[in-house]
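Asker: There's a structure below that I have some questions on.
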Amino acid sequence: MTDILLLARTHLLTAFRERITLFWSLIFPVFLLVILTLIFGRIGQEGEINFSVSLVNMDVEATEEGGFSAMVEELFKNVGTTEIEGKEPLFTLSRPKEEDDPRVFLEDEQQALRRGRRAAVIVIPKGFSERLGLQMMSTSEETRPAVALTVYYSQGNAASEMAASIIEQILAGVDREILKRSGRFREGAAVPSETVWVGGDRLEVRYVDFLLPGVILMGFFTNSLFGIPGAILFSRDQKVLRRYWVTPLVVPRFLAGLSLGHLSLCLLQFFLLFMLGRYGFNATISFAGIVPAFFLVLAATTFMAFGFLISSVAKTANAGMAIANILNMPMMFISGLFFPVSGLPTVLKAIVYVNPVSYLADGVRASVGVESGLFSTPLLVGVPLAWIVVSSAVASWRLRLDVER
């Protein structure tokens with residue numbers, strides 16, 4: 001047992017003496033948590049989402065007379081204002097001035113939409129109020145005139161897509177209000193609905209609560225990807241491993257000592273990032289409990305085994321660092337550590353399904369009540385365990401070959 005503890009101590013001291021290892025293990029995860037939280041941390045909070053939307057009313061005469069177009073315009077004007085001091089409204093509404101030509105204004109706003117300066121352009125067509133009134137009085141489907149508002153969106157623009165879903169809800173409220181004013185809406189006939197959130201109590205998920213588990217896993221991952229291969233391969237290149245093998249030390253005990261030191265460094269990473277998230281950015285998630293602790297240990301062990309796998313494949317330390325650099329960014333960013341991956345294209349989703357980081361990110365977030373849904377529980381545990389078994393077996397086999405040499 002003494003040899004295992006000494007190896008663990010050596011690994012920790014080496015990590016703290018190496019500036020590059022210290023940067024990637026402790027400084028970079030802290031820096032990333034601070035930067036991403038400061039930039040995106042307020043997204044999703046009240047008064048922090050604002051869409052630039054244009055409203056063009058071609059039915060000006062009916063608006064002046066208080067027709068249905070005036071009601072629609074009033075509803076969107078209300079959405080474009082806020083009663084809370086210091087808070088932005090949901091929409092920043094642009095409308096043509098009295099001296100502006102509505103058609104020219106519409107063309108300019110459509111161009112702004114194409115260039116990404118607008119999230120949507122809403123058009124109330126000429127004769128909207130008149131046709132809507134005729135539609136309500138008509139008893140025949142054949143003679144009932146068609147009435148529609150026109151809403152322009154920008155395909156592929158995330159802000160435009162988010163604004164689209166909000167505008168759809170507003171237009172549903174427009175339909176309800178029109179039915180009320182025409183006397184056709186009956187409260188008793190409306191179908192009641194109740195929202196029930198599945199998977200625990202529904203609380204507003206702040207970005208820092210979503211981000212913190214991802215940054216903790218990223219710290220474990222980079223520490224394993226660079227720290228483990230560095231410790232093994234540089235020791236091999238400098239003939240240090242050969243000195244180990246002429247002693248009674250065996251491969252399993254060597255791996256156990258290295259693993260203990262590595263897991264101790266992961267524990268330090270977790271403590272530092274959790275304290276920063278909780279007391280620096282008011283994160284509300286808690287890792288207390290058997291399930292969160294299990295997934296954190298599973299993540300640290302899986303990444304450590306992956307580091308052993310790189311060490312077994314690479315022939316030199318430089319080759320190991322090259323493999324680690326090639327795998328680092330794709331495995332981190334196509335895994336859901338920093339953003340949801342449900343909307344990725346099919347080709348990238350195939351990478352998500354074979355990436356162990358994806359399962360661990362989903363498992364940790366599900367265990368703390370932030371998010372879940374991509375994978376079933378057997379996959380969340382089974383895929384990382386499979387990586388641990390295969391990686392450890394290959395690394396152990398390769399190290400035994402070194403011993404035999």
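The values are calculated or read from the model by the stated rules, or taken from the named source; none is laboratory data. None of the values given here were measured: they were computed from a predicted structure. Here Cβ is always computed from backbone atoms with ideal geometry, including for glycine, and neighbour counts include all displayed protein chains.
Asker: When you go through 275, 218 one by one, which is the residue that is surrounded by fewer than 18 Cβ atoms within 10 Å (Cβ to Cβ) and part of a helix (DSSP H, G or I)? Spell out the reasoning first.
Answerer: Details: 218 fails: surrounded by fewer than 18 Cβ atoms within 10 Å (Cβ to Cβ).
After applying the criteria, what remains is 275.
Asker: Which residue pairs have Cβ atoms under 6 Å apart, sit 6 or more places apart or on different chains, and have a first residue in segment 300-319 that is modelled with pLDDT under 85 and a second that is of a type in the set (Val, Ile, Thr) and crowded, with 24+ Cβ neighbours inside 10 Å?
Answerer: 311/232
Asker: Select from segment 306-322 the residues that are out of contact with any Leu (no Cβ under 9 Å at 6 or more places or on another chain) and surrounded by fewer than 17 Cβ atoms within 10 Å (Cβ to Cβ) and list them in ascending order.
Answerer: Kept after step one, since they are out of contact with any Leu (no Cβ under 9 Å at 6 or more places or on another chain), are these residues of segment 306-322: 309, 313, 322.
Of everything in segment 306-322, those that are out of contact with any Leu (no Cβ under 9 Å at 6 or more places or on another chain) and surrounded by fewer than 17 Cβ atoms within 10 Å (Cβ to Cβ) turn out to be 313, 322.
Asker: Continuing with the same structure: Of all residues in segment 345-384, which are exposed (fewer than 15 other Cβ atoms within 10 Å of the Cβ) and either in a loop (DSSP other than H, G, I, E, B) or modelled with pLDDT of 90 or more (or both)?
Answerer: Going through segment 345-384, the residues exposed (fewer than 15 other Cβ atoms within 10 Å of the Cβ) turn out to be 345-348, 350, 353-354, 373, 376-378, 382.
Result: 345, 373, 376, 382.
Asker: Related question: Could you please let me know if residue 263 is assigned to a loop (DSSP other than H, G, I, E, B) and in the same structural domain as residue 220 (by TED's automatic domain parsing)?
Answerer: Details: assigned to a loop (DSSP other than H, G, I, E, B): no; in the same structural domain as residue 220 (by TED's automatic domain parsing): yes.
In short, no.
Asker: Tell me, please, whether a residue that is under 30 Å from residue 361 (Cα atoms), within 34 Å of the chain's Cα centre (by Cα), modelled with pLDDT of 60 or more and surrounded by 15 or more Cβ atoms within 10 Å (Cβ to Cβ) can be found in segment 137-156.
Answerer: No, because not a single residue in segment 137-156 is under 30 Å from residue 361 (Cα atoms), within 34 Å of the chain's Cα centre (by Cα), modelled with pLDDT of 60 or more and surrounded by 15 or more Cβ atoms within 10 Å (Cβ to Cβ).
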